[in-house]
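Reading through the structure tokens given below for one structure.
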Amino acid sequence: MMLRRCMVCLLALLIMSVFCSSAVALESTTLCNGSRGEEVRALQQALIDLGFLRDKADGVFGNKTESAVRAFQASRNLTVDGLAGKKTRALLQEAVSSGGSSGPAVTTPKPETTPKPEVTPKPEVTPKPENTSSPSGESLFGGNYATIRLNDRGDRVKAMQQALISLKYLSGKADGIFGNQTLQAVLLFQKKSSLTADGLAGRKTLSALEAAYRSGSSAGSSASPTASPAVTPAVTAAPSGPVGTETVYTASSYTAPAPDGGTVHLLHWYNDIKSNLGNGTNLFIVDPYTGISWTLRVHSRGRHCDAEPLTKQDTENMLKAFGGKNTWDQKAVYVKLPYGVWTIGSTHDMPHMTGTISDNGFNGHLCVHFLREMSEARANDPNYGVANQNTIRAFWKALTGEELAY
């Protein structure tokens with residue numbers, strides 16, 4: 001069987017070599033089990049970036065790489081033969097370039113509790129509030145419930161603002177610009193409506209807002225909403241001992257309050273973050289112990305987020321926050337997501353495996369963990385994954401007094 005496969009590969013290589021050169025990564029040359037070289041390394045890195053391969057890009061096409069190729073082919077309805085030919089590699093490159101979704105469930109397990117499909121509530125047949133007209137006739141958003149987020153602009157933002165103003169979650173005029181005041185109004189509406197308070201106006205939020213707007217429900221106050229106060233820890237000296245897996249986290253350990261005076265949410269990796277976080281986007285990190293900040297660029301997304309410092313200065317800042325050394329010892333951090341919402345994460349500063357930024361002074365990438373169910377973490381990441389979940393939970397309890405039961 002292996003001999004036949006290699007003969008097929010050899011024949012394909014002879015034919016394709018007439019038409020293409022091997023100088024460019026992910027060209028049309030067919031790669032198969034047993035191939036070696038830079039083209040294989042580029043192929044592996046693309047599979048790693050998309051979450052289909054959990055291994056290092058070593059330039060050797062082995063069984064793991066073949067399985068990853070087969071999984072990718074299956075996900076794109078291609079012929080599943082494990083041969084990385086012209087069509088497979090072109091689609092793979094296209095997926096990487098567009099920041100495509102992560103790999104199959106074997107590399108990115110689903111949370112134990114799968115939310116029920118979203119159902120758009122039917123608007124009640126009631127008169128609209130006076131002095132406020134729906135810009136889209138029967139539907140406030142014209143039937144378009146695509147997610148609206150911070151810094152978006154346009155008619156749908158304006159319609160959302162008009163509804164928030166009518167319901168007394170927002171004051172001022174609807175200017176069609178999703179700024180900080182609108183964000184706080186969305187957060188308040190989500191909280192009052194028992195929705196995930198993440199500031200993202202997705203289908204559930206927009207549908208609930210439309211229904212509330214038609215029924216004339218109100219926040220109960222005409223005042224402009226303000227952000228929920230962030231829990232500000234006691235200001236003491238930074239801990240003198242190493243920060244990591246052995247650190248005992250208490251409220252007096254933290255020296256920096258929530259950044260920007262904003263609200264910090266405890267968001268879930270699978271339910272709230274991963275699908276809204278693309279490869280190549282940035283995370284802004286603030287160390288609660290020292291106040292030092294740095295920026296990370298998202299490298300790939302699996303059961304956690306792989307990232308790398310954006311610049312050499314970011315690497316230096318991060319190293320300083322970790323006491324001037326590279327360590328696997330994780331610490332809890334504030335994380336500002338690309339759409340402007342703050343949450344809690346856990347990270348380290350040890351470079352490992354591969355990276356994509358060549359001039360940042362960091363040889364590889366690092367891991368950023370976010371909240372997951374502890375049972376799922378124990379099943380899939382019983383050591384380091386569980387350690388990071390403990391760090392996140394200890395940090396959240398120290399800040400809020402809330403002990404998570406899942």
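The values are calculated or read from the model by the stated rules, or taken from the named source; none is laboratory data. Keep in mind the model is a prediction, meaning the values are calculated, not measured. With ideal geometry, Cβ positions are generated from the backbone for all residues, glycine too; neighbour counts draw on all protein chains shown. We work out accessible area using only protein heavy atoms, side chains counted, and drop any ligands, DNA or RNA first. Shrake-Rupley method; radii C 1.70, N 1.55, O 1.52, S 1.80 Å.
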Q) For T347, what charge total do you get from the other residues with a beta carbon under 15 Å from its beta carbon, if Lys and Arg give +1 and Asp and Glu give -1? A) +1
(Q) For the range 267-406, what does the relative contact order come out to in percent, with C-alpha contacts under 8 Å and a separation of six or more? (A) 22 percent
Q: For the range 167-176, just list the computed ³J(HN,Hα) in residue order, Karplus coefficients 6.51, -1.76 and 1.60, θ = phi - 60°, integers in Hz, with x standing in for Gly and Pro.
A: 8, 6, 8, 9, 10, x, 10, 7, 9, x
Q. To the nearest 20 debye, what is the magnitude of the charge dipole of the range 266-406 about its Cα centre, counting +1 on the Cβ of each Lys and Arg and -1 on the Cβ of each Asp and Glu?
A. 40 debye
Q. What net charge is computed for the residues neighbouring W294, neighbours being all others with C-beta under 10 Å from the C-beta of W294, Lys and Arg scored +1, Asp and Glu -1?
A. -3
Q) With the calculation restricted to Cα positions, what are the radius of gyration and Dmax of the range 135-204 in angstrom? A) 11.0, 29
Q) Is the shape of the range 260-368 rounded, prolate or oblate, going by the alpha carbon gyration tensor and its root eigenvalues a ≥ b ≥ c, with a/c under 1.5 for rounded and a/b larger than b/c for prolate? A) oblate
**Q.** Point-to-point label distance, R153-S358, nm (Cα→Cβ direction, 7 Å offset)
**A.** 3.6 nm
Q. Just the accessible area per residue of the range 265-402, please: how many Å² with a 1.4 Å probe?
A. 34 Å²
Q. Round to a whole number: what % of the accessible area of the range 309-391 belongs to carbon and sulfur, probe 1.4 Å?
A. 49 percent
Q. Can you give the net charge of the other residues whose Cβ lies under 10 Å from the Cβ of L366, counting K and R as +1 and D and E as -1?
A. -3
Q. For the range 326-406, what's the relative contact order in percent, using C-alpha pairs closer than 8 Å and at least 6 residues apart?
A. 25 percent
Q: Report the relative contact order of the range 32-100, percent, no decimals, based on alpha-carbon pairs under 8 angstrom and at least 6 residues apart.
A: 33 percent
